[in-house]
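A short reminder: the numbers here are calculations on the coordinates, not readings from a lab. None of these values were measured; they are calculated from a predicted model. Cβ sites come from the backbone with ideal geometry, for glycine too, and all protein chains shown count toward neighbours.
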Amino acid sequence: MSFRNWTIERAQRVLRRAGELERAGNITIESIDHAANALHAARGHVARLADARERLQARAGDFQAADERLDQLMTAKRDELVASAREGREPDYREIDAQLADVRAVLANYRDEQVNVPAALDELDRQLTEARDTERLTLEAAHDFMDRHYGQAFADARDELMKFVEGPLRMKLERVWAMYQVQRAYSERSAGGRVASPGTPERTVTTEGELDALLAAFEALGGVALRDAEVSKIAAEHVDEMQRCGIGTRFGYGAPSREEAPNPIQIHIAKQVIAQHETEANQGAVQVDDATDDTRAKRLDALHEQRMNEVVMGEGAL
């Protein structure tokens with residue numbers, strides 16, 4: 001660890017912060033309501049002290065203004081005394097005395113603060129600092145409690161989710177796979193298509209993306225896989241029920257071997273073969289020797305290649 005970036009100020013901030021956290025740890029918060037009430041009380045205490053200091057500061061300003069006015073009036077009274085002596089008349093203090101009476105009334109209201117106002121302000125400042133520290137530490141303690149509270153809430157919610165993933169969700173996904181397996185057992189298949197072994201889910205171009213994404217998300221979420229035995233069990237129950245109704249499967253589950261449905265390209269080629277054969281028959285040129293069969297096969301290969309190129313280039317339809 002490098003000390004190059006450490007300054008006295010940084011060290012002081014670190015220790016001050018550590019001290020605050022330690023003191024906050026000594027504050028016990030037992031519930032959300034407790035935290036809210038403690039913060040409300042701490043903030044209320046700060047507000048009351050701040051209001052008291054503001055009022056005292058205002059009183060101090062009034063007293064200081066009255067004291068300054070007293071000095072001005074006493075100077076005015078002395079000046080009147082000197083002026084009346086020079087002029088050989090009685091001094092007229094009526095206006096000055098009226099103002100002095102007002103000043104005296106103000107000073108009477110602050111007789112207790114004449115000496116103690118500065119000290120009282122200092123004491124209020126000290127109390128206000130302590131109250132704000134208490135408010136800040138109470139908030140720290142409340143944050144610590146909320147951290148623990150929602151940490152436990154997160155753990156509980158996660159446990160609930162995992163129970164759902166490993167229970168109802170896995171059962172639903174297993175049923176999805178089973179229904180797909182049963183559907184494939186009854187559906188017609190095109191020759192050349194991918195055929196899975198009987199009793200296992202077959203994936204096709206139209207479904208593998210969706211089902212693979214579901215399974216990958218499930219395994220990433222729960223860390224568990226589907227149970228193949230459960231999938232097969234669910235599928236077998238449906239197949240058995242249909243067999244009891246006299247409806248056997250097309251593929252798998254004991255179904256007899258059968259020729260698969262031709263795909264569109266095969267149908268197209270078959271039509272071309274029949275058309276070519278009929279043309280040759282009408283022309284009386286039907287031959288069954290190897291040379292004629294070889295020639296026909298070459299023509300069909302060329303036709304198939306042309307048809308596939310049209311499909312790839314988007315110029316034809318299957």
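Please give the contour-minus-distance gain from Ser257 to Val224: 0.36 nm per residue of separation, less the Cα-Cα distance, rounded to one decimal in nm.
The Ser257-Val224 span can extend by a further 8.3 nm.
What GluC sites (Glu not before Pro) does the range 1-89 have in DSSP loop regions with at most 14 other beta carbons within 10 Å?
Glu30
First check a/c for the range 8-153, with a ≥ b ≥ c the square roots of the eigenvalues of its C-alpha gyration tensor; if it is under 1.5, answer rounded, and if not, answer prolate when a/b is larger than b/c or oblate otherwise.
Cα axes put the range 8-153 in the prolate bin.
Given H placed 1.01 Å from N in the peptide plane, which residues other than close sequence neighbours of Val224 have an amide H under 5 Å from its amide H?
Correct list: empty.
What shape does the range 217-270 take by its C-alpha gyration tensor, where a ≥ b ≥ c are the square roots of the eigenvalues and a/c under 1.5 counts as rounded, a/b above b/c as prolate, and the rest as oblate?
Because a/c hits 1.5 or more and a/b fails to exceed b/c, the range 217-270 counts as oblate.
Can you list the lysines whose alpha carbon sits under 27 Å from that of Lys163, skipping same-chain ones fewer than 8 residues off?
Lys172, Lys233
Work out how much length Ser31 to Asp97 would gain on full extension: take 0.36 nm times their residue separation and subtract the Cα-Cα distance, in nm to one decimal.
Here the answer is 17.2 nm.
Report the full-extension gain for the segment Glu80 to Ile8: residue separation times 0.36 nm, less the Cα-Cα distance, to one decimal in nm.
The span from Glu80 to Ile8 would gain 19.6 nm if fully extended.
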